[in-house]
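Some notes on the structure that comes next.
The values are calculated or read from the model by the stated rules, or taken from the named source; none is laboratory data. Because the structure is predicted, anything quoted here is derived from the model rather than measured. Neighbour counts are summed over all protein chains in view; Cβ atoms, including those assigned to glycine, are modelled from backbone coordinates with ideal geometry.
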Amino acid sequence: MDPQPHGEPGARPVGPLEQALHAARALVLADLIAREVAEADVVSMVEDSVAHRRWWVEQWPDGAGFLPGLVAQDVQDALLERYGRWPLCPVCGTGDPHALEVEPELGPDPHWVCHKAGVKVAAVGALGGAMPS
Ligand SMILES: [Zn+2]
């Protein structure tokens, strides 16, 4: 399913930036699958974000470590427009359903946090392990 850049004119070998993009994509997909929203059109939201962030990280390679948090936020925004809040907070059992937020918004080692409870719920990519089964 991945487009194969090999053989295209001017294609570069897979470098650290491409690896970082693949890792970010995999982490966010893992969280989407954990919440059972990895439908085809949702996966395409991830692809759109990765394509956009590929441009971004080429301008600013030092930001490669920020990609998982950025892609997670892009997908969260896209889902909010089309489906609603994601991922819903699994920590607070009462009150209005609310979404977790990525922290830091622009930094390495991003986590999903609940601002209501003031807790880190899981690392981005590890949401599946934080869900009650
Ligand atoms: Zn909460």
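Check region 119-128 and report whether any residue there is within 13 Å of the ligand (Cβ to nearest atom), touching a His at 6+ places or on another chain (Cβ under 9 Å), of a type in the set (D, E, K, R) and modelled with pLDDT under 95.
Checked region 119-128: no residue is within 13 Å of the ligand (Cβ to nearest atom), touching a His at 6+ places or on another chain (Cβ under 9 Å), of a type in the set (D, E, K, R) and modelled with pLDDT under 95.
From the set of residues in region 55-77 that are over 11 Å from the mean Cα position of the chain (by Cα) and aliphatic (A, V, I, L, M), which is farthest from ALA24 (Cα to Cα)?
VAL57
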| note | ASP109 vs (1) of a type outside the set (Lys, Arg); (2) within 16 Å of the ligand (Cβ to nearest atom); (3) on the phi > 0 side of the Ramachandran plot: all pass except (2)
| query | Can you pull out the residues in region 1-41 that are in contact with a Leu (Cβ under 6 Å, 6 or more places away or on another chain) and at pLDDT below 70? | reply | ALA38
| Taking the stated definitions as given, is VAL71 β-branched (Val, Ile, Thr) and within 28 Å of VAL14 (Cβ to Cβ)? | yes
| How many residues are touching a Pro at 6+ places or on another chain (Cβ under 9 Å) and among the charged types (D, E, K, R) when one looks only at region 96-133? | 2
| task | Please tell me if ALA51 is away from the ligand (no atom under 16 Å from the Cβ), exposed (fewer than 14 other Cβ atoms within 10 Å of the Cβ), modelled with pLDDT of 95 or more and of a type in the set (A, V, I, L, M, F, W, C). | result | yes
| request: Examine region 78-93 for a residue that is of a type outside the set (A, V, I, L, M), within 16 Å of the ligand (Cβ to nearest atom), over 19 Å from ASP31 (Cα atoms) and out of contact with any Ser or Thr (no Cβ under 8 Å at 6 or more places or on another chain), and state whether such a residue exists. | output: yes
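Which of the residues spanning region 104-120 are more than 26 Å from SER44 (Cβ to Cβ) and buried (at least 16 other Cβ atoms within 10 Å of the Cβ)? Talk me through it step by step, then tell me what you get.
Our first condition is that a residue be more than 26 Å from SER44 (Cβ to Cβ); within region 104-120, this holds for 104, 107-109, 113-120.
Residues satisfying the conditions are VAL113, CYS114.
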| said: So, VAL57, is that one β-branched (Val, Ile, Thr), in a helix (DSSP H, G or I) and either modelled with pLDDT of 90 or more or touching an Asp or Glu at 6+ places or on another chain (Cβ under 9 Å) (or both) or not? | reply: yes
